[in-house]
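The values are calculated or read from the model by the stated rules, or taken from the named source; none is laboratory data. What you see is a predicted model, and the numbers here were worked out from it, not measured in a lab. Cβ: placed from backbone, ideal geometry, glycine included. Neighbour counts: every protein chain shown. Note: areas computed on protein heavy atoms with side chains; ligands, DNA, RNA excluded. Shrake-Rupley method; radii C 1.70, N 1.55, O 1.52, S 1.80 Å.
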Amino acid sequence: NKENKKDIITQIDADTYKILDSCHNPNELSFEWDRRGLVYGHVQSGKTANYIGLINRAFDAGYRIVIVLTGMTEDLRSQTQRRIDEGVVGQRDGVDIGISKDNPVFQSLDEIHPATSLKKDLKKNDDWRDSNLNTKKKSIWVIKKNKTVLENLIMWLDKQRSNSNNGKINNVPFLVIDDEA
């Protein structure tokens, strides 16, 4: 039903504006800030579609790194990775999918670098350390709440910090979404 989809899109649009308005302005970098919040919803209520819209809006607003923490299982992580690839990155394995397919407007936007893929999620044996990701590029991370994976994320962040002039990651707005708080 076309009208029902229009209502859903209008609601997601309003919700994502409201949520992002509650976040800190990522372009205000003259001081350190930390803003936390909670959005919740019923099972099958559109939470993933909502935060995919929020992620896109956040990148447009100036956030540079988005980390999505999924549950503890690979099934949940890969399901979320699929949706992120289609709705945010617009690519999987070099092939245009989802929002980038036949969409010249999307093609003109800054590239969003996926730090993870269906096969790679910062596990020990993944070659994520050799990637050219850094805090100057927009990137999205879809990771499990797993000790090794979280330690590898911390190691990457430490490397970014140690590569900076003052030992801090400055002027890099992060958005962290916990899909299973």
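Would region 25-181 count as rounded, prolate or oblate if I go by the C-alpha gyration tensor, calling it rounded below 1.5 in a/c and otherwise prolate when a/b exceeds b/c, oblate otherwise? Walk me through the numbers before you get to the answer.
Details: a/c = 1.25, a/b = 1.16, b/c = 1.07.
Cα axes put region 25-181 in the rounded bin.
For a quick protection proxy, order the peptides 76-83, 26-33 by their average other-Cβ count within 10 Å, most packed first. Write down the numbers at each step before the final one.
Values: 76-83: 19.4, 26-33: 10.4.
So the peptides 76-83, 26-33, ranked by packing, come out 76-83, 26-33.
Considering the convex hull of the alpha carbon atoms of region 1-110, report its projected area averaged over all viewing directions, in nm², one decimal. If you can, show how the numbers build up before the last one.
On the way: hull surface 35.7 nm².
Spelled out: convex hull of the Cα atoms, projected over all directions, averaged, 8.9 nm².
For the chain, find the longest principal axis of its Cα atoms and tell me its angle to the long axis of helix 74-84, 0 to 90°, nearest 10.
70 degrees
State the Kirkwood hydrodynamic radius of region 71-163 in Å, one decimal place, computed from all pairs of distinct Cα atoms. Walk me through the numbers on the way to the answer.
Details: mean 1/r = 0.0712 Å⁻¹.
Hydrodynamic radius (Kirkwood, Cα pairs) of region 71-163 is 14.0 Å.
If I fit a long axis through the Cα atoms of helix 147-162 and take the longest principal axis of the Cα atoms of the chain, what angle between them do I get, 0 to 90°, rounded to 10?
Roughly 70 degrees between the two axes.
Helix 47-61 versus the longest principal axis of the chain: what angle, 0 to 90°, nearest 10, using Cα atoms?
Approximately 60 degrees, to the nearest 10.
Set the Förster radius R0 to 22 Å, insert the Cβ-Cβ distance between Lys168 and Asn25 as r into 1/(1 + (r/R0)^6), and round the FRET efficiency to 0.05.
Values: r = 20 Å, r/R0 = 0.90.
About 0.65, to the nearest 0.05.
In whole percent, and with a 1.4 Å probe on the protein chains, what portion of the accessible area of the chain is carbon and sulfur?
Details: 5800 of 11680 Å².
So the carbon and sulfur contribution to the accessible surface is 50 percent.
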